[in-house]
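Asks: Structure provided below as structure tokens; questions to follow.
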Amino acid sequence: MIQLYRTLHPENTETTKNELKDITIKNVLVQIKLYGRTREAIINTINICKDRDILKEYLSSREKEVVDMMMTLFDE
């Protein structure tokens, strides 16, 4: 994930793998707490990431794929 982030944001050399992971996991956990393991929680998390410019281009171009993958994980 950090490699993809650095590829999409070469100007940001300060973000570490752990920071990116923490930001993303916290977003997911907050949304799951609010909405449960639902499509709405996933879409809100994706929107938060895009708003914060975290993997924005990737998530914009592959949003359906990410939602489908996360729904599959939630169903397990």
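The values are calculated or read from the model by the stated rules, or taken from the named source; none is laboratory data. Computed from a prediction, not measured in an experiment: that's the story for all the values here. Backbone-built Cβ (ideal geometry, glycine too); neighbour counts: all protein chains shown.
Asks: Look through region 12-70, keep the residues that are surrounded by fewer than 14 Cβ atoms within 10 Å (Cβ to Cβ) and among the hydrophobic types (A, V, I, L, M, F, W, C), and return whichever of them is modelled with the lowest pLDDT.
Replies: For region 12-70, the residue satisfying everything is Ile25.
Asks: Please work out which residue is nearest to Met71 (Cα to Cα), limiting yourself to region 39-61 and to residues that are part of a helix (DSSP H, G or I) and of a type in the set (Lys, Arg).
Replies: Result: Arg39.
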